[in-house]
Every structure is written in structure tokens, then in C-alpha cells.
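What follows is a set of notes on a single structure, which appears directly below.
The values are calculated or read from the model by the stated rules, or taken from the named source; none is laboratory data. Since we're looking at a predicted model, the values are computed, not measured. So basically every Cβ, Gly included, is an ideal-geometry build from the backbone, and we count neighbours across all protein chains shown. In case anyone asks, the SASA skips ligands and DNA or RNA and just uses the protein heavy atoms, side chains included. Shrake-Rupley method; radii C 1.70, N 1.55, O 1.52, S 1.80 Å.
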Amino acid sequence: MSELKLTVSEIKELMEKMSATGLTALKVQDGDFSLTLKAEQKEILVQGENIPAAVIPAAGAAAPAPKTEEISGNTVKSPIVGTFYAAPAPDKAPFVTEGKAVKKGDVLFIIESMKLMNEIQSEFDGTVKKILVQDGQPVEYGQPILIIE
């Protein structure tokens with residue numbers, strides 16, 4: 001049986017990847033060792049019993065990662081930490097949708113941070129190729145939000 005050794009920094013990296021991919025829970029258990037990572041709202045909780053320098057036996061071969069579609073273009077990233085909103089109000093139409101043409105200076109979305117609504121404007125002319133986050137989803141600084149081609 002092969003072993004997978006995890007350091008604290010590797011566990012933190014795993015948590016970040018869970019957040020980025022939308023994975024909400026992961027549980028690894030071997031004997032009296034148990035590691036549970038669970039994302040709830042804006043937090044990722046780490047629970048464990050008897051966690052030494054985290055040695056986790058691998059249970060067989062790892063499943064191949066799903067293939068992701070490569071999207072080229074200009075990536076619009078979140079300039080601040082906050083909550084993504086696609087529309088100016090819940091009952092209003094979104095600022096942009098996939099396939100919509102935008103010009104430099106057009107409002108693309110809102111990031112709410114500390115009760116302030118920050119309109120994020122396009123730095124590019126082009127067409128919205130892909131929106132990478134869902135309305136109401138928390139976002140981090142520098143997180144890709146959408147692709148303009």
C-alpha cells in the first residue's frame with residue numbers, strides 16, 4: 001500500500017483548490033486517523049482527530065482529474081475580496097451574459113465588500129466568453145471572474 005504524506009501547507013493548498021473548484025466536502029479516514037474538509041458558506045472547516053504530521057495511506061490509484069476546457073482571452077479578476085453580484089438588484093437583468101459584446105468602461109458586475117457595492121468595469125473590448133462564478137458567490141482578491149475574448 002502506498003502512502004500519501006500531507007504537511008499543513010499541503011492541506012491549506014488542498015483547501016484552496018476545493019474552494020476554487022467548488023468541491024464542498026472531502027473526508028479521508030484510515031484507522032483512528034480522520035481528516036474532514038468541509039466548505040460551508042464563506043469558511044472551510046478543518047476537523048481531525050489524532051492528526052500528526054498527517055500521513056494518509058492512499059486508497060488505490062488516484063482518479064484522473066476531469067479535463068477542463070481551455071478558454072483563451074482576457075481574464076477579468078476580482079480586485080477585492082467580497083461577494084459577486086451579476087446584476088444591480090435581484091429583480092434586475094445581469095450586467096452581462098455569456099456571448100454579450102462589451103466595450104472598455106462597461107460595468108461587468110458588482111463586488112460587495114464591507115457593505116459597499118463596487119461596480120467593476122471592463123478594461124477590454126470584446127465578447128464575454130465565460131462567466132466563472134455564480135451570483136451571490138464569495139470571491140477572493142485576484143480570483144478569475146469572467147473571460148472576455
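Across the stretch 95-105, which residue is farthest from Asp135 (Cα to Cα) among those that are open to solvent by less than 60 Å² (accessible area, probe 1.4 Å) and either out of contact with any Leu (no Cβ under 9 Å at 6 or more places or on another chain) or not aliphatic (A, V, I, L, M) (or both)?
Gly105
From the list Gly60, Gly99, Gly105, the one residue that fits, being on the phi > 0 side of the Ramachandran plot, over 21 Å from the mean Cα position of the chain (by Cα) and modelled with pLDDT under 65, is Gly60. Taken over the stretch 68-94, the residue count meeting the criterion of being open to solvent by less than 70 Å² (accessible area, probe 1.4 Å) and either of a type in the set (Phe, Trp, Tyr) or free of Cβ contacts under 8 Å to residues at least 24 places away in the same chain (or both) is 3.
Screening the stretch 79-132 for strands (runs of 3 or more DSSP E) wholly inside it with 1 or more residues that are over 18 Å from Ile147 (Cβ atoms) returns the ranges 82-85, 107-113, 116-121.
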